[in-house]
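A quick write-up on the structure given underneath.
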Amino acid sequence: MISAFLARGLQAVLVALIVSVFSFIMMKALPGDAAYRIAAGRYGYDMMDAASAEVVRKELGLDQPLLLQLADWISALAKFDLGKSLVYGTPVMDEIAVQLGYSLLLAAGAVLASLLIALPVGIAAGLRPGGLVDKASFSLSVFLRAIPFFALGILLILVFAIQLDLLPVAGFHSLEHLVLPSLTLGLGLATVSNRVVRDAVADAMTAEWRLFSRTKGLSARLTMLRHVLRNAALPVVAYVGVQLAYLIEGVVIVEAVFAWPGIGHALVHAIFSRDIPMVQGTALTLGLLYVVLNLCIDLACRGIDPRTRLSAREKQGT
Amino acid sequence: MKAPGRVVISVQALCIHAGKDILLGPIEFHVREGGTLVIIGETGAGKSLAVQAILGTLHGSLLAEGQITVNGQRHDLLAPSTRANFWGKELATLPQEPWRALDPLMQSHRQVCETHRFVSCHSQHAAVVATNNAFGSLGLNGAEQHLPGTLSGGMAQRVAFAAATAGGAPILLADEPTKGLDTKRHATVVSLLSQVPDSGGALVVITHDISVARSLGGDVLILKDGCMIEQGPTHAVLDYPKTTYTKDLANAQPACWKPAKPCQSGDWVLKADSIRIKRGGRVLVDNFSLRLHAGERIAISGPSGGGKTTLLDTLAGLLRPANGEIQRAEHLSSTDIQKLYQDPPAAFPARVNLSCSLRDVARIHGVDSAQVACLLSRLGINSALLDRRPDEVSGGELQRISIARALTVRPRILLADEPTSRLDPITQRDTMKLLADIASDENIAILLVTHDIAMAKAWANRCIALSSPEEPLPPGGWGNRLDKAY
Amino acid sequence: MHSQPGRSIRDGRRITGLILLGMLALAALAGPDLVNHDPARQSLLEAMQGPSSEHLLGTDHLGRDMAARLLSGARLSLFLACLSTITAALPGILLGITASWLGGWMDRILCAFADAVLALPGLLLVLMLAAISPGSWWALYMGISLTLWVEYFRYTRQRVRIVLADPAVEASQLLGLGPGTIVLRHLLPEIGPGLLTIAAFGAATAVTAVAALGFVSVGIRPPTAEWGSMMTELLPYWRESPFLIIQPVACLFITVLALHLSVGGGVQP
């Protein structure tokens, strides 16, 4: 239990360091004098001069040695000070607090959509391996897997919003707006996870322990409830963990496609407009979100699989 | 002798087809209350299909014909879902390798308890009490909360037995109950199974092991290539076999082999002086000494997990002993010690043709292909087999090919690690005889490691017994193993 | 257990994938010369035209020839995918073998580095690298290679450890076979097919990443013809001429599909 938290905690620190160092390099790699540019960002090109640039330079410590600046940069992050947006002038934290909610809503919608698709299809295919549903879902999965998230988003926009005129295309005003982006992400995730469900179900149904449970006298229903479900759930939940990387990547891309007001969209926008505190803040939030979701999956796997719990207990005993 | 009870299970003219091929049958047998039937046959003889046909769990592509009557009711005429209703209540099964038949994610106590609860329809409390009693009487105390993955093979067997019989079925079908267990555990399994006829039930056991059949008694049915060739009381059939096959089978038991004479010792080729072997902080072998002479056959026997394989690897120079010294005779080169493996397919590169593997070895040692071909024909291997991959030939053939491969480098010492434990009795006898002949013809020393004490005694010039790891831990580690000659 | 028909269907998929890949490679090699148009030449008079004998796939909003732009984009994507696959595979495989063969500190350091790369989702890392110098081909190439490298390393390390622990390798060593033979007979046949699968998937990931970054205006910048940025440019015109936006989407789809099919489908986890 503690080891799981420790490992993910270490990952979180690593994420913070990587993001922070990258943003620092990004800052340094900007063409021209950073102080001038920041001053221009603050006061506008007309209002700024060498003196205001000098003020900025002093304020941000841009005249110090490079390593010292990096240390300052990281220690600011360690104090949870993400700075102000160069574009909006508002604290990055405030921006992220608003955007995070939208991104979580989209991620939840996507996971829900992928489960709603993958579970029924995968179970139906796994119960009759080699049957019609199995073959059809396999072919469809191969085709859909080859369409990247943003291309899938474009196709769905073309079909649903334009040709059929059913659903709103972009932005977020009502829950209806959630349908297309979550469907895009969910469909993308389900292309592989439905096969994982199928394999898990097919394996569980042909396992020797299932047949033994039946021949010792348990009914098909009891066998399903007491043995098959838990055993089949384990690889599926573990695979959701693998998919988290795709989910985070997908959130970034799909938000951009649908102009969804979340963190991914903000990150892309910040990179485009060279708003480095925002880049750092959003990338960090997405990275930490990835770590937290991974931790949840770790804990879920431990909840399902008593083997990990027992072996941990034995280790503590010796 | 008790009065014969009524017939509880009867099979008549049972045939199993796969398309046009007949895989099994026709077979016929009856088992009475308190009776035992042992079905003996080699791997691939279709033995397991008989159990599946009686249960009604045959694969959909197979077709069963004939009459199966359980407790006076024709089961073969019933719908599959109706037949499932008899499972646990009238028919119980002990599957092959029970540790794979237990749910890996559920504690053993719950897996037994659920049968009491839902099949015998006890209350939760009564089910727990019944399970506790079963665990107590089977010597499973302390294993209640264990998951199947942490149980030993013998314990998993007993848990599966408790779970299978908890529904109160009077008939038990056991498929290869000793597969994967040490010979030492066989007696435990036999006494476990004997509880069924002793308490008035009927027992049907499928096995390839004649000694298990002898200890179970009752009746025996002998299968060859899916055909029933002999049937009758076990001791009568095995002691006075009518067919050559049964005769062969009975004589293939190590106990019937011609015992080996002590070897006229030549020069020693390998010497170990009071070595100690540790693995993972545990002392596996201590104070072990050995002198292996040219052309000598030595067997080291002991239960699994006792460090036999580690000892062999140490003698082969693959591992270093923690203490003591191992010496090879001075004229031995690095390839003069060769190993034979327990699982022949694992000893060959899996994705390469056998001929290619043999050619590689021959080329390095400058042996021409005619010599290799000569060796192969002497070992009775059809050269057409060499175009296949290791997993496409039978275990017996592959073990002979691996012997041929080892002989290609003209070794002075062969270390054989359970080389026949996955082979049928007749194949085992032939392979071991081949090894013995090679030892004397080529003057090669062979060190055999086996869990089968009977085979060790029958085959070797000298035996060394390693003590069991289940014995109480003496000071200084697992046992004091001496070079002890019988 | 692979039944005969199942295997032949899989072989069919592979052959389809390889044929598609071959055609894509030819198209990418020949490039815009194939249609005799300059992908960058604008002609506002000819904007938004449908397919004609002059412009096989029509023209975009600036009157540029679509076919020429798609071919130019194919050249860019496939070249980058090939290059980053090689850049990732060679060190990945070599370091994987080194780590499993030597073990110890070498192994630990390499694994720690791999874990660090995996701490962030791959695309996020590429995005951060690309953000350092936006529009730079090199940043994109480095970022993609860095994220792909880990897969080869981890797979090779894990498989080689298993293979080396195999009794078959021990037997070969006892029989006096040298390391060359062991690599040839034991290692390569065991890890070769898996590495090919990783390579095909990695190349598909690279093509997708280039397009994704182009699409969110962080990757290769216009006016260079690149499938992702073409989608961004053409998306505003979806109502007037949906067939324009469909074209780069279809190209991307066919490329990824061909790569997935060439190793048997790509939905086996």
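Both chains summed, the buried accessible area for A and B stands near 2200 Å², from protein heavy atoms and a 1.4 Å probe. Bridgeable lysines around A:Lys28 (alpha carbons under 24 Å apart, same-chain partners fewer than 8 residues away excluded): A:Lys58, A:Lys79, A:Lys84.
Projected onto its three principal axes, the C-alpha set of the protein assembly as shown covers 113, 74, 63 Å, listed from the longest axis down. Against the criterion of solvent-accessible heavy-atom surface with a 1.4 angstrom probe, B:Phe118, A:Phe212 sort, most first, into B:Phe118, A:Phe212.
The relative contact order of the range C:71-262 comes to 26 percent, based on Cα pairs under 8 Å that sit 6 or more residues apart. Does anything in the range B:395-418 have its amide N under 12 Å from the 7 Å Cα→Cβ label point of B:Gln371, and if so which residues? Only B:407-411 pass the distance filter. Note on the range C:71-262: Kirkwood radius taken over Cα pairs, Stokes-Einstein applied at 25 °C and 0.890 mPa s, translational D equal to 134 µm² s⁻¹. The heavy atoms of B:Glu325 offer some 100 square angstrom of accessible surface to a 1.4 angstrom probe. How crowded by other chains is B:347-356, given as the mean number of beta carbons from other chains within 10 Å of each beta carbon? For this peptide, the per-residue mean of nearby foreign Cβ atoms is 5. Using equal-weight Cα scatterers in the Debye expression, the normalised intensity of the range B:1-133 in log10 at q = 0.09, 0.20 Å⁻¹ is -0.35, -1.25.
For a straight C-alpha distance cut-off of 17 angstrom, the aspartates and glutamates reachable from B:Lys258 (same-chain residues fewer than eight places away being disregarded) are B:Asp248, B:Glu296, B:Asp430, B:Asp437, B:Asp452. Shielding value for C:169-182 is 6, the average number of Cβ atoms from other chains within 10 Å of each residue's Cβ. Net charge dipole, the range B:355-410: roughly 180 debye, given to the nearest 20, about the Cα centre with Cβ charges of +1 for Lys and Arg and -1 for Asp and Glu. Neighbouring Cβ atoms from other chains, within 10 Å of the Cβ of residues in A:5-13, number 1 on average. Computed on protein heavy atoms with a 1.4 Å probe, the accessible areas place B:Ser108, C:Ser43, A:Ser3, A:Ser273 in the order A:Ser3, A:Ser273, C:Ser43, B:Ser108, largest first. Residues in the range B:27-132 average 41 Å² of solvent-accessible surface per residue, probe 1.4 Å, ligands and nucleic acids excluded. Among the helices of chain C, those built from whole DSSP H runs whose Cα atoms reach 27 Å or more along their own axis and whose mean Kyte-Doolittle hydropathy is at least -1.0 are C:4-30, C:66-102, C:137-164, C:188-215, C:242-262. Average 1/r across all pairs of distinct alpha carbons in chain B, invert it, and you get the Kirkwood radius: 24.8 Å. For the set C:Val150, A:Val159, A:Val237, the ranking by accessible area, highest first and with no ligand, DNA or RNA atoms included, is A:Val159, A:Val237, C:Val150 under a 1.4 Å probe. Annotation: extensible slack from B:Lys258 through B:Ser274 equals 2.5 nm (criterion: 0.36 nm per residue apart, minus Cα-Cα distance).
Reported value for the range B:7-256: 125 Å³ per residue, from the convex hull of its C-alpha atoms. Buried surface for the C/A pair, taken as the accessible area of each chain alone minus that of the pair with a 1.4 Å probe, is close to 3900 Å² in total. Normalised by 2.2 N^0.38 Å, where N counts its residues, the alpha-carbon radius of gyration of the range B:355-410 equals 1.01. Solvent-accessible surface of the range C:12-159, taken per residue with a 1.4 Å probe and all protein chains present: 47 Å².
The values are calculated or read from the model by the stated rules, or taken from the named source; none is laboratory data. These figures come from a predicted structure and were not determined experimentally. In this analysis, Cβ positions are derived from the backbone assuming ideal geometry, glycine residues included, and neighbour counts consider all displayed protein chains. Heads up: the accessible areas ignore ligands, DNA and RNA and are worked out on the full protein's heavy atoms, side chains in. Shrake-Rupley method; radii C 1.70, N 1.55, O 1.52, S 1.80 Å.
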